[in-house]
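One structure below.
The values are calculated or read from the model by the stated rules, or taken from the named source; none is laboratory data. Treat the numbers as computed from the prediction; the structure is a model and nothing was measured. Heads up, the Cβs are rebuilt from the backbone with ideal geometry, glycines too, and the neighbour counts pull from every protein chain shown. Each accessible area value is taken on the protein alone, full model and side chains, heavy atoms only, with ligands, DNA and RNA left out. Shrake-Rupley method; radii C 1.70, N 1.55, O 1.52, S 1.80 Å.
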Amino acid sequence: MGALKPAHGGVLKNLYLGTEAAAEEKGRSQTLKSWDLNPRQLCDVELILNGGFSPLEGFLGRADYEAVVSDMHLADGLLWPIPVTLDVTQDFADTVGEGHIIALRDPEGVLIATMQITDKWCPDLLEEAASVLGTTDDLHPEADRLLHRSGPVYLGGTLRGVEAPVHFDFTHVRHTPREMRDLMAKWSWRKVVAFQTRNPLHRAHQELTFRAAHEMEANLLLHPVVGMTKPGDIDYFTRVRCYEKLLSHYPDQTTALSLLPLAMRMAGPREALWHGIVRKNFGCTHFIIGRDHAGPGKDSQQNDFYGPYDAQDLFKKHEHELDITLVPFKMMVYVQDRAQYAPVDEVEPNETQLTISGTELRRRLRFDLDIPAWFSFPEVIGVLRERYPPLTNQGFTLFFTGLSGSGKSTIANAVMTKLMESGGRPVTLLDGDVVRKHLSRELGFSMEHRNLNINRIGFVASEITKNGGVAICAPIAPYAMSRRQVREMIEPLGGFIEIHVSTPLEVCETRDRKGLYARARAGVIKEFTGVSDPYEAPENPEMVIDTSSITIDQAAQRVLLKLENLGYLS
Ligand code: PPS
């Protein structure tokens, strides 16, 4: 395999200790301070240890970090465009120092590696975002992480691998760089073109990869990312099922599938270089870069974060340092007149070109509409339809919010009964009073406790929604922030319909069915919403219902009509 060198001509790293040394390290780790790796850090550790990130031998130290941030090279001059750093909390950082060895553990507490700390510093995260990502806009997922969720201290140091992170899924298509290279050698693959993706593959992608392999007279490695991709992407379990279906559409013995546990940064051009280095480490000789590689979409001014072919341009500029050959591609479109795919710049002005965007695909799945055969393979569409059933089969949450006595529980009960009468999905009512009896018995009515209560309701509702049921919640939920968090938790899993029961305080107080308002006015009940505690009215609820002017039955009918209008009822 002379042709398949690791990136930069160096040695493919393998930082795992032998069995005996690993057992010793495990014993020694009992007395070490432990850091629990988050999902992103765990992905990074896996690729550092198995050589996917060669030449790195650990998390970047300060000099390397600064060189990478400012000009995309390690301190020794090797190209490395993305900071691979271990961010920790101030509290943890205060307990360790340079020269110390720490234990790096997975979320279950399993020891993955130890790290001898060489550097500890507080990075300028704003500068990192601006330099590496070219933006500090919160809509960029990595900028958002750096500026709002990163630990304030970075620790650098070399790793000693004790145990590879465990994966129980798709083990037959997970390979280390060494395993992948050995397989390529076994199959006598001399030239290998890699295709990186975080999306399901449709006909356009198949055509593009097929052409790339054909033009380069190379074999093809489909190398999708299954670590972390852009929030909101299709989950990797579904994607891998799609890839497996697609494999039969490639000529026999020409193409392989392998999963890459990479935590993407969505850093566009810089990320493209990084992807190239990683693919070189996995034994590939060529790397496809299409339109808007690793781009996270639009910023808050509605401009694209990166130009569509910026990644190709930067890659070309550094190709001599990369030891892997760029295979650039323009966007592929379906040319109706030719019944064929072609790069967009090869389409004649008089020809009709067709594409279906990701948003349009999701719409068609949601409403069970036709997805044409020119766009994708029936088996792939089948997998997607199974995972994304039409709205009529999806779970949803009805989230009623409003003052005590506003009518939330009564409407919620009426809606529940009507939905049960119609049959179909299982329905669960999470009424304020009932939840406080079972789930939140120990909580009071401080802001902190109310938010905790809403968070618990949101969690249960999200599980119900994810599994195709209907959750009807009816707490007061006085704070906008906690309602927003619940929405964010549920929307990726199914429908979320917020209903503000806006019955005015005077009406609620006149009703005073439980006698609570009288006791609140008398000061017997403290922190009573609307009397001695705030209620932040929703700004953009899906519905507003004031029960002072309509009956409960009419209110429930309005909710059902809304559900029908949104597409949830058949
Ligand atoms: S919250 O804010 O969403 O956590 O409240 P919730 O879980 O819906 O609980 C509201 C019910 O608790 C009773 N109750 C009070 N409500 C508001 N403020 C105070 N201080 C309070 N103390 C007790 C009241 O019966 C509420 O039920 P509903 O059904 O809204 O009348």
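Tell me which residues, restricted to the stretch 357-385, are in contact with a His (Cβ under 8 Å, 6 or more places away or on another chain) and not in a helix (DSSP H, G or I).
Residues of the stretch 357-385 that are in contact with a His (Cβ under 8 Å, 6 or more places away or on another chain), as a first pass: 375-377, 380.
Once the filter is applied, which keeps residues that are in contact with a His (Cβ under 8 Å, 6 or more places away or on another chain) and not in a helix (DSSP H, G or I), the stretch 357-385 yields 375, 376, 377.
Condition first: in a helix (DSSP H, G or I) and not hydrophobic (A, V, I, L, M, F, W, C). Now tell me which residues in the stretch 87-111 satisfy that.
90, 91, 94
Just give me the residues in the stretch 474-493 being within 19 Å of residue 426 (Cβ to Cβ) and near the ligand (Cβ under 9 Å from one of its atoms), in sequence order.
Restricting attention to the stretch 474-493, the residues satisfying the condition of being within 19 Å of residue 426 (Cβ to Cβ) are 474, 490, 493.
If the condition is that a residue be within 19 Å of residue 426 (Cβ to Cβ) and near the ligand (Cβ under 9 Å from one of its atoms), then 474 is the only one that fits.
Mind checking whether some residue in the stretch 375-384 is within 16 Å of the ligand (Cβ to nearest atom) and either among the hydroxyl-bearing types (Ser, Thr, Tyr) or crowded, with 22+ Cβ neighbours inside 10 Å (or both)?
Keep residues of the stretch 375-384 that are within 16 Å of the ligand (Cβ to nearest atom), which gives none.
Looking for residues that are within 16 Å of the ligand (Cβ to nearest atom) and either among the hydroxyl-bearing types (Ser, Thr, Tyr) or crowded, with 22+ Cβ neighbours inside 10 Å (or both), one finds none in the stretch 375-384, hence no.
Restricted to the stretch 443-453, and to residues that are assigned to a helix (DSSP H, G or I) and touching a residue at least 24 places away in the same chain (Cβ under 8 Å), which residue is farthest from residue 485 (Cα to Cα)?
Top of the filtered list is 447.
Looking at (1) assigned to a helix (DSSP H, G or I); (2) crowded, with 18+ Cβ neighbours inside 10 Å; (3) more than 23 Å from the chain's Cα centre (by Cα), which is the only condition residue 114 fails?
Result: residue 114 passes all but (1).
Contact list please: Cβ distance under 8 Å, first residue in the stretch 536-556 and closer than 16 Å to residue 566 by Cβ, second residue open to solvent by 50 Å² or more (accessible area, probe 1.4 Å), pairs at least six apart or on different chains.
As it stands, the answer is 542/562; 542/566; 543/558; 543/562; 545/558, since those pairs meet every condition given.
Name the residue that is most open to solvent (accessible area, probe 1.4 Å), counting only residues in the stretch 217-262 that are of a type in the set (A, V, I, L, M) and within 19 Å of the chain's Cα centre (by Cα).
Out of the qualifying residues, it is 228.
Keeping to the stretch 117-140, report how many residues are touching a strand residue (DSSP E or B) at 6+ places or on another chain (Cβ under 9 Å), part of a loop (DSSP other than H, G, I, E, B) and open to solvent by 30 Å² or more (accessible area, probe 1.4 Å).
2
Can you give me the number of residues within the stretch 145-162 that are open to solvent by 40 Å² or more (accessible area, probe 1.4 Å) and either under 19 Å from residue 263 (Cα atoms) or of a type in the set (Val, Ile, Thr) (or both)?
Matching residues across the stretch 145-162 total 4.
From the list 440, 462, pick out the single residue that is in contact (Cβ under 8 Å) with a residue 12 or more places away in the chain and either over 28 Å from the mean Cα position of the chain (by Cα) or open to solvent by 20 Å² or more (accessible area, probe 1.4 Å) (or both). Give the steps one after another, and end with the answer.
Working: 462 fails: either over 28 Å from the mean Cα position of the chain (by Cα) or open to solvent by 20 Å² or more (accessible area, probe 1.4 Å) (or both).
One residue alone meets the criteria, 440.
Among the numbered criteria (1) open to solvent by 90 Å² or more (accessible area, probe 1.4 Å); (2) on the phi > 0 side of the Ramachandran plot, which one does residue 336 miss?
For residue 336, the exception is condition (2).
Scan (1) under 30 Å from residue 332 (Cβ atoms); (2) touching a Ser or Thr at 6+ places or on another chain (Cβ under 7 Å); (3) part of a helix (DSSP H, G or I) for the single condition residue 195 breaks and write down its number.
(3)
Can residue 570 be described as away from the ligand (no atom under 16 Å from the Cβ), without any contact (Cβ under 8 Å) to a residue 12 or more places away in the chain and open to solvent by 80 Å² or more (accessible area, probe 1.4 Å)?
Answer is no for this residue.
Specify the residue that is most open to solvent (accessible area, probe 1.4 Å); the eligible residues are those in the stretch 444-459 that are among the polar types (S, T, N, Q) and over 11 Å from residue 432 (Cβ atoms).
455
Are there any pairs, at least 6 apart or on different chains, whose C-beta atoms fall under 7 Å, with the first in the stretch 477-502 and closer than 25 Å to residue 552 by Cα and the second open to solvent by 40 Å² or more (accessible area, probe 1.4 Å) and part of a strand (DSSP E or B), and if so, which?
500/544; 502/544
Among the residues of the stretch 389-409, is there at least one that is out of contact with any Asp or Glu (no Cβ under 9 Å at 6 or more places or on another chain), part of a loop (DSSP other than H, G, I, E, B), open to solvent by 70 Å² or more (accessible area, probe 1.4 Å) and not hydrophobic (A, V, I, L, M, F, W, C)?
For the stretch 389-409, residues out of contact with any Asp or Glu (no Cβ under 9 Å at 6 or more places or on another chain), part of a loop (DSSP other than H, G, I, E, B), open to solvent by 70 Å² or more (accessible area, probe 1.4 Å) and not hydrophobic (A, V, I, L, M, F, W, C): absent.
Please pick out the residue among 450, 387, 456, 441 that is out of contact with any strand residue (DSSP E or B) (no Cβ under 8 Å at 6 or more places or on another chain), within 13 Å of the ligand (Cβ to nearest atom) and over 26 Å from residue 512 (Cα atoms).
Details: 450 fails: over 26 Å from residue 512 (Cα atoms); 387 fails: within 13 Å of the ligand (Cβ to nearest atom); 441 fails: over 26 Å from residue 512 (Cα atoms).
Only one candidate qualifies: 456.
Given (1) surrounded by 21 or more Cβ atoms within 10 Å (Cβ to Cβ); (2) at pLDDT 95 or above; (3) within 16 Å of the ligand (Cβ to nearest atom), where does residue 419 come up short, assuming only one miss?
That leaves (3) as the condition not met.
Applying the selection to the stretch 275-293, what residues are part of a loop (DSSP other than H, G, I, E, B) and among the basic types (Lys, Arg)?
From the stretch 275-293, those part of a loop (DSSP other than H, G, I, E, B) are 282-285, 290-293; that's our starting set.
Once the filter is applied, which keeps residues that are part of a loop (DSSP other than H, G, I, E, B) and among the basic types (Lys, Arg), the stretch 275-293 yields only 291.
Among the residues of the stretch 438-456, write down those that are among the hydroxyl-bearing types (Ser, Thr, Tyr) and within 18 Å of residue 525 (Cα to Cα).
If the condition is that a residue be among the hydroxyl-bearing types (Ser, Thr, Tyr) and within 18 Å of residue 525 (Cα to Cα), then 446 is the only one that fits.
Report whether or not residue 77 is open to solvent by 40 Å² or more (accessible area, probe 1.4 Å) and of a type in the set (Gly, Ala, Ser).
For residue 77, the condition - open to solvent by 40 Å² or more (accessible area, probe 1.4 Å) and of a type in the set (Gly, Ala, Ser) - is met.
Among residues belonging to the stretch 425-434 that are open to solvent by less than 80 Å² (accessible area, probe 1.4 Å) and either aliphatic (A, V, I, L, M) or outside any strand (DSSP E or B) (or both), point out the one that is nearest to the ligand (Cβ to nearest atom).
Taking the candidates together, the pick is 432.
Specify the residue that is farthest from the ligand (Cβ to nearest atom); the eligible residues are those in the stretch 514-551 that are open to solvent by less than 30 Å² (accessible area, probe 1.4 Å) and hydroxyl-bearing (Ser, Thr, Tyr).
My answer is 547.
Would you check which residues across the stretch 500-513 are more than 13 Å from the ligand (Cβ to nearest atom), of a type outside the set (S, T, N, Q) and open to solvent by 70 Å² or more (accessible area, probe 1.4 Å) and list them?
Selection gives 506 alone.
Anything in the stretch 5-57 that is open to solvent by 60 Å² or more (accessible area, probe 1.4 Å), assigned to a helix (DSSP H, G or I) and not polar (S, T, N, Q)? List them, or say none.
20, 23, 24, 26, 28, 39
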